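Report on one structure; see the data block that follows.
The values are calculated or read from the model by the stated rules, or taken from the named source; none is laboratory data. Only a predicted model underlies this, so the values are computations on that prediction, with no experimental measurement involved. Positions of Cβ are backbone-derived with ideal geometry, glycine not excepted, and every protein chain shown enters the neighbour counts. For the accessible areas, the whole protein counts, side chains as well, though only heavy atoms, and no ligand, DNA or RNA atoms are used. Shrake-Rupley method; radii C 1.70, N 1.55, O 1.52, S 1.80 Å.
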Amino acid sequence: MVNSETATDWFIDGWQLGDTPRQLTLEDCETLEKDCWYHCQRDATGLKHWLSKVGVPPSLTSALLADDTRPRFELLGEETFLLILRGINLNEGNNPDDMLSIRFLYFKGCLISTRKYPSRAIAEARRQCEEGNSPPSLLAMLATIVDKLNRNIETFLDPIEEDIEYYAEHQDEADSQSLAHLNKRLLKIRRFLTPQRYALDDLLHSEMASLESLRMPLLNCRDLVVRINESINFYIDQIQVINQHLGQMQSEKVNRNTYLISMISIIFLPISFLTGLLGVNIGGMPGVDSSTAFWLFCIALIVVTVFEIILFRRMKFI
């Protein structure tokens, strides 16, 4: 038995849709009513008790309350299905890449949605209800929320796209750390958007009679997810191309510096040999008794150096 302090913590908002949307109160949630949308707090202690009370099977309750799930669609009956989607986490202090999970259960003619963190798409849908502009049916509301989830993802990707386009046009200004950060964000989003596309495909192919009038809006939602996935794949490919360019530039720089050091070593090799030869401290060294021998030797070294530089230039080594 759930105590009085936790019995109501699961209820966030509820609406009965139709020509004139009516906001539900907690008293309206004693039983499931047709054409009603119940939005619930997934980690609330009272939610499991309420789901059991209104007749939701334990298997569906587990899916609605699971901590970590991937996007998917499950048809559970003629007019019963479970849809799990992901959206950008736009809450302050949270990482948007850690996409929040929204679960929808269409059951006995009503729609039950659960979330752990607030979703901007859900907030916008609730605002439409408050303004009297809600969709006419529950499944139309579901299509609207799915579209808003995808639009928010698309909007979130806009500045990332601008950064990648800038780096693509100014590759010399790109740095590996920034590109790695962008690539990591895109990979985290793609992790959920790829199965989200398949979930919407399964929803479209479910052949539910109630979805026939919404096939075009849902098809547009699916196409938007496909386009976002294609854009993310393109951005990742662009990052790889930029990284290859940076790697090539770095390799050329190392090769150029190595070549320069090698040429300097080659130029000074004969000079080092001569100075080493004449630096041995044994008798018989030429010019030991001459006061001009040192300066003549220095001039000879300069002549050898100039000769080597001219020779290497003609051979196009430098």
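Of note:
- Pairs, first surrounded by 10 or more Cβ atoms within 10 Å (Cβ to Cβ) in region 234-256, second modelled with pLDDT under 90 and acidic (D, E), C-beta under 7 Å, six or more apart: Y235/E161
- Residue selected from region 144-164 under the condition over 12 Å from the mean Cα position of the chain (by Cα) and among the aliphatic types (A, V, I, L, M), by the criterion surrounded by the fewest Cβ atoms within 10 Å (Cβ to Cβ): I164
- Annotation: of all residues in region 203-218 being aliphatic (A, V, I, L, M) and exposed (fewer than 13 other Cβ atoms within 10 Å of the Cβ), the one that is nearest to F104 (Cα to Cα) is A209.
- Residue satisfying condition, being more than 17 Å from L83 (Cβ to Cβ) and touching a residue at least 24 places away in the same chain (Cβ under 8 Å), within set S206, S176: S176
- Residue within region 277-289 that is open to solvent by 70 Å² or more (accessible area, probe 1.4 Å), under 30 Å from A174 (Cβ atoms) and not in a loop (DSSP other than H, G, I, E, B) present: no
Yes/no matrix, rows are residues, columns are (1) among the acidic types (D, E); (2) modelled with pLDDT of 90 or more; (3) open to solvent by less than 20 Å² (accessible area, probe 1.4 Å); (4) touching a strand residue (DSSP E or B) at 6+ places or on another chain (Cβ under 8 Å):
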residue: I12; (1), (2), (3), (4): no, yes, no, yes
residue: E30; (1), (2), (3), (4): yes, no, no, no
residue: W37; (1), (2), (3), (4): no, yes, yes, yes
residue: C40; (1), (2), (3), (4): no, yes, yes, yes
residue: P57; (1), (2), (3), (4): no, no, no, no
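- Qualifying residue in region 261-276 (condition: part of a helix (DSSP H, G or I) and within 30 Å of Q177 (Cβ to Cβ)): yes
- Looking only at residues of region 115-137 that are assigned to a loop (DSSP other than H, G, I, E, B) and touching an Asp or Glu at 6+ places or on another chain (Cβ under 8 Å), we find that the one that is nearest to F11 (Cα to Cα) is K116.
- Condition check for R103: assigned to a strand (DSSP E or B), basic (K, R) and closer than 23 Å to N229 by Cα: yes
- Test result for L187, within 18 Å of R151 (Cβ to Cβ) and either open to solvent by 10 Å² or more (accessible area, probe 1.4 Å) or in contact with a Cys (Cβ under 7 Å, 6 or more places away or on another chain) (or both): no
- Positions within region 274-296 being at pLDDT 80 or above and hydrophobic (A, V, I, L, M, F, W, C), in sequence order: W295, L296
- Region 14-28, subset of a type outside the set (A, V, I, L, M) and open to solvent by 40 Å² or more (accessible area, probe 1.4 Å), residue modelled with the lowest pLDDT: D19
- A66 vs. criteria hydrophobic (A, V, I, L, M, F, W, C) and open to solvent by less than 20 Å² (accessible area, probe 1.4 Å): no
- All positions within region 69-88 that are open to solvent by 30 Å² or more (accessible area, probe 1.4 Å) and not in a strand (DSSP E or B): R70, E78, E79
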